[in-house]
1. If a residue has to be among the small types (Gly, Ala, Ser) and assigned to a helix (DSSP H, G or I) to count, how many in region 20-58 make the cut?
2. Please enumerate the residues belonging to region 306-327 that are away from the ligand (no atom under 16 Å from the Cβ) and in a loop (DSSP other than H, G, I, E, B).
3. Working only within region 89-129, note down all residues that are charged (D, E, K, R) and in contact with a Lys or Arg (Cβ under 7 Å, 6 or more places away or on another chain).
4. For region 89-159, list the strands (runs of 3 or more DSSP E) that sit wholly inside it and hold at least 3 residues that are under 29 Å from LEU44 (Cα atoms) and β-branched (Val, Ile, Thr); which are they?
5. Check ILE368, ILE346 and return the single one that is touching a Leu at 6+ places or on another chain (Cβ under 6 Å) and of a type in the set (Val, Ile, Thr).
6. Kindly indicate whether THR94 is within 15 Å of the ligand (Cβ to nearest atom), free of Cβ contacts under 8 Å to residues at least 24 places away in the same chain, within 20 Å of LEU174 (Cβ to Cβ) and among the β-branched types (Val, Ile, Thr).
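No lab work stands behind these numbers, since they all come straight from the coordinates. The structure displayed is predicted, hence computed values, not measured ones. FYI the Cβ positions are ideal-geometry reconstructions off the backbone, even for glycines, and counts take in every protein chain you see.
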Amino acid sequence: MKTVKFDKPLLKGSLKVPGDKSISHRAIMLGSIAEGRTAIKGFLDGEDCLRTIDIFKRLGVSIERNGTDVVIESPGMKNWTSPTENLYAGNSGTTARLMLGILAGSAITSTLTGDDSLSKRPMKRVTTPLQSMGASVAGEEGGDFLPLTIVGSKLEGIDYQMPVASAQVKSAILFAGLNAVGETVVREDTVSRDHTERMLKQFGAKLKQDGNTVRIQGGQLLEGTCVTVPGDISSAAFFMAAAAMVEGSEVEFIDVGLNPTRTGIIQVLRQMGAGVEILEKHGETGEPYGVVKVTQARLEGTEISGEIIPTLIDELPIIALMATQATGKTIIKDAAELRVKETDRIAAVTDELTKLGAKVEATEDGMIIEGPTSLSGGELKSYGDHRIGMMAAVAALVSDGPIHIEDPSCIAISYPTFFDHLSQLVTAGIEE
Ligand code: S3P
């Protein structure tokens, strides 16, 4: 249990958040698939990304990590060795789903496992398209859940229309497509994050992108390279929302990722009335990043639905908290994916914010929040979900009493230095 309590807080100064989780996973994966040396700077040393490193070490890839610097020396995926033990993905959906796509077309046999939460998350969305490429993936209950055993097989390209907007599914198919015979085509109705496409190109792969369609030709060899990981906008979002809500606050976010498939939070902050300025923008050729200043303002309720949802899917818990401080109704729709994240985030956010006195109604695919409400302190659960834990901690900045967070350790999954950054930014006490 951790108690977080502030007395008249104010957020001031600048913050460089840890590296992007999605990009860090992909850098380890592509650096291990490629032959030769890959050097990564700004790697996220959160638990999820460390699981990905462990897995590739078990396949015979040399990975040396010194804090946020990582050097990979890989013999190339054709020379990986079959592991003697299970490959444990921990809590990480990205590790599990992307590894399925990679292992399906490899030359090795392996079994992927996960923790209790991950073992309840749907895998069929990945195994169905992979099986139609010729993958051999088997598990109990029709192979929808971990543990799954993958016998690396000869794959054939497919033309796949995505039924859900999911970068994890898209990436798994593209990785499988890299090792398949012929061309693989992935078509999306709504664009999901495109880090895999950008990084495949950085490692020398050729991809064709036309609107919402990506094509990759199988049999391409990748070459090791250098990758710099920008700050994770999904981590910054907790402090962006805090700066927007807490009277008199102003915070600059340094070198934060600004990939347009991830910046829905910036649009929503503006829609709700917060001050958001992009002070610098770089990295146009790979992953865009820059400096963003967020200033507190009187917030208004808004509607969040449709195409923007995949660009802020992980930010919806903190957006819901912000909506409790905004005037009027905030309606979140088309976000049923929240129900199959690390926990059911619609239920978790509704239950926990309601405990503090917020007016939140859960719907099948979102939430309706009526504000502004003053929030009391209270005892909140994280459900072992890092983003619910961080939402609870930020709630302490706008609540009348202390917030006691049950199981805050899960925050290290994506943001190991979260509490240090919270106390650095806020000019008022944080209590243990
Ligand atoms: C991720 C994609 C998203 C996101 C997750 C990371 C990725 O999941 O919620 O935290 O790295 O591809 P879906 O693609 O399943 O929506």
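1. Filtering region 20-58 for residues among the small types (Gly, Ala, Ser) gives 22, 24, 27, 31-32, 34, 36, 39, 42, 46.
Retained after the next criterion (residues that are assigned to a helix (DSSP H, G or I)): 22, 24, 27, 31-32.
Qualifying residue count, region 20-58: 5.
2. First, pick out the residues of region 306-327 that are away from the ligand (no atom under 16 Å from the Cβ): 321-327.
THR324, GLN325, ALA326, listed by residue number.
3. If we filter region 89-129 for residues that are charged (D, E, K, R), which is where we start, we get 97, 115-116, 120-121, 124-125.
Once the filter is applied, which keeps residues that are charged (D, E, K, R) and in contact with a Lys or Arg (Cβ under 7 Å, 6 or more places away or on another chain), region 89-129 yields nothing.
4. Details: elements: 109-113, 136-139, 148-151.
The strands (runs of 3 or more DSSP E) meeting that bar are 109-113.
5. Working: ILE368 fails: touching a Leu at 6+ places or on another chain (Cβ under 6 Å).
Result of the check over ILE368, ILE346: ILE346.
6. Values: within 15 Å of the ligand (Cβ to nearest atom): yes; free of Cβ contacts under 8 Å to residues at least 24 places away in the same chain: no; within 20 Å of LEU174 (Cβ to Cβ): yes; among the β-branched types (Val, Ile, Thr): yes.
No: the conditions fail for THR94.
This table checks each residue for (1) surrounded by 16 or more Cβ atoms within 10 Å (Cβ to Cβ); (2) touching a strand residue (DSSP E or B) at 6+ places or on another chain (Cβ under 7 Å).
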site: GLY67; (1), (2): no, no
site: VAL70; (1), (2): yes, yes
site: GLU73; (1), (2): no, yes
site: PRO83; (1), (2): yes, yes
site: LEU100; (1), (2): yes, yes
site: ALA104; (1), (2): yes, yes
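Table: residues versus (1) without any contact (Cβ under 8 Å) to a residue 40 or more places away in the chain; (2) away from the ligand (no atom under 14 Å from the Cβ); (3) touching a Gly at 6+ places or on another chain (Cβ under 6 Å).
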| residue | (1), (2), (3) |
| --- | --- |
| TYR88 | yes, yes, no |
| ALA107 | no, yes, yes |
| GLY114 | yes, yes, no |
| LYS120 | yes, yes, no |
| GLN131 | yes, yes, no |
| PHE145 | yes, yes, no |
| SER153 | no, yes, yes |
| ALA167 | no, no, no |
